[in-house]
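In what follows, a structure is listed as structure tokens, so that the remarks can point back to it.
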Amino acid sequence: MIVGLSFNACQQDDDLEFVAVATNDLVFNTTFLENYLLNPTVGNNLAERFTWSNANFSVPTNVTYSLQAATESDFSDYIPGEPLYNLGSTSGNEIAVTINKMIALAEAAGLDNDPNTDDIPNVGQVFFRLMAVVGDNGLASYSPVQALNIELQEGEAEVQLPKLYIVGNFLEASGYGENWKAPNAVPIASSGEGNNEYEGYVFMNVESPEFKVLPTNESFEGDYGDDGTFSGTLIQEGESNILLTGAGYYFIKVNLTTLTYTAEITNWAITGSATPAGWPDNGVEDQDMTYNPTTGKWEITIALTAGADDAFKFRANNAWALNYGDAGADGTLDFNDGTNLTVDAAGTYLIEVDFSNPRMYTYTAALQ
């Protein structure tokens, strides 16, 4: 997909206020005016790469471009800082968008890929525009809005990762439901078929957590427990409950090939040059987040900056062993990814991180 865009600009007085006027509409290749078919089984693949020409502001200056999306043609549903609608920023001339991002936009537009729901369309439109900002604090200029026709492929089942389930004495106190009931067990997931390494986050709001690992959330048949040494070894016959010490938000890993497990309490924070404290160097402390048991999310309200070098990441326990970036700029977190997170505009944000869906962790950043 090629989008063309050019800007003209004029300088007013001596205050360096720039007003950019778009001279050409965003123009898509005619190939892409037909329905763009979205298949969730290849969701991590590149859908399209948006490109544009440089904005001309008549003076030498750096320009930051941001690709924005919405489900309404007037951008009335656009939310600054919301990952769903902000597809990335760059000083270059292109931004790649994944199929998963397009699917998320399609779902936000009310589309559905279930062939049994005839009253819900699977074909519709999403909308894009380009924002150009001069320098670090310049005025924003926008291209005209361009529509793209999209189609969710019907009959494709949502990709489901293989799962195990954590059941125990912590369920009721942690908001999951009655203790030791298989249907209330908390899922952890592997990365795909054939991978026997499972992971997930489980809130255990009791001082002495006990749990077992279930193959399904329907019964205790085939359950795993500790071998009695409490050294991280799993067995299925004559097993003991797995015992932990202390309430907390646990990162649990289970390997069914080696029959081992680990459970680590995590406390999450935001850190980076976009935060008031900066990156965690030279004794700088992370900006601690708070777990909200009602929403099941980690949250913080924090002032963020949005300059060319301003970015942030999420990490646990004041260390880099567990940290997340967002490689696709799609609101889905990627483990130990080198891509930092950014916001389009400086301001105070409510940031929420959701670890409840194993291996499909997400975040939002809503400008307050």
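Remark: C-alpha extents of the stretch 259-310 on the principal axes read 46, 29, 19 Å, sorted largest to smallest. Taking R0 as 51 Å, what FRET efficiency do you get between N195 and T51 from their Cβ-Cβ distance, rounded to the nearest 0.05? Taking R0 as 51 Å, the efficiency between N195 and T51 is 0.90. At each listed q (0.18, 0.20, 0.22 Å⁻¹), what is the log10 of I(q)/I(0) that the Debye formula gives for the stretch 295-334 modelled as equal alpha-carbon point scatterers? Treating every Cα as an identical point scatterer, log10 I(q)/I(0) equals -0.70, -0.86, -1.02. Taking a sphere under 11 Å around the Cβ of A182 and counting the other residues whose Cβ falls inside, with K and R at +1 and D and E at -1, yields a net charge of -2.
Would you mind giving the average projected area, over all directions, of the Cα convex hull of the stretch 242-368 in nm² with one decimal? Don't skip to the answer; put the middle values down first.
Details: hull surface 36.8 nm².
If I average the Cα hull's projected area over directions, I get 9.2 nm².
For the pairs K101/K253; K101/K313; K212/K253; K253/K297, note any where the Cα-Cα span goes beyond 24 Å. Flagged as over cut-off: K101/K253. A simple packing score, the average count of other Cβ atoms within 10 Å per residue, orders the peptides 335-347, 302-314 as 302-314, 335-347, with the highest score first.
Under a 5 Å amide H cut-off, with hydrogens placed 1.01 Å from N, W279 pairs with G272, S273 among residues at least 5 apart or on other chains.
Could you tell me whether the stretch 170-251 comes out rounded, prolate or oblate from its Cα gyration tensor? Rule is a ≥ b ≥ c as square roots of the eigenvalues, rounded for a/c under 1.5, then prolate if a/b exceeds b/c, otherwise oblate. Provide the component values of the computation, followed by the final result.
Working: a/c = 1.36, a/b = 1.15, b/c = 1.19.
Since a/c stays below 1.5, the shape of the stretch 170-251 is classed as rounded.
The three principal axes of the C-alpha atoms in the stretch 123-276 carry coordinate ranges of 67, 47, 31 Å, sorted with the longest axis first.
If we count every other residue with Cβ under 14 angstrom of Q368's Cβ, Lys/Arg +1 and Asp/Glu -1, where does the sum land? Show your work: numbers first, answer last.
Numbers: positive: none; negative: E82, E299, E352.
My count for the surroundings of Q368 gives -3.
Any chance you could list the semi-axes, whole Å, largest first, of the equivalent ellipsoid that the Cα gyration tensor gives for the stretch 313-368, using √(5λ)?
19, 13, 12
Using a 10 Å cut-off on Cβ atoms, rank the peptides 90-102, 217-229 from the highest mean neighbour count down.
On the way: 90-102: 17.5, 217-229: 14.3.
So the peptides 90-102, 217-229, ranked by packing, come out 90-102, 217-229.
Under the criterion of Cα pairs below 8 Å and six or more residues apart, the relative contact order for the stretch 296-358 equals 45 percent. When the Cα atoms of the stretch 207-274 are aligned to their principal axes, the ranges along those axes come out at 51, 24, 23 Å in descending order.
Every read-out reported here was derived from the displayed coordinates using simple, explicitly stated rules and does not represent laboratory data. In this text the structure is predicted, and so the values were computed from the model without any measurement. Here Cβ is always computed from backbone atoms with ideal geometry, including for glycine, and neighbour counts include all displayed protein chains.
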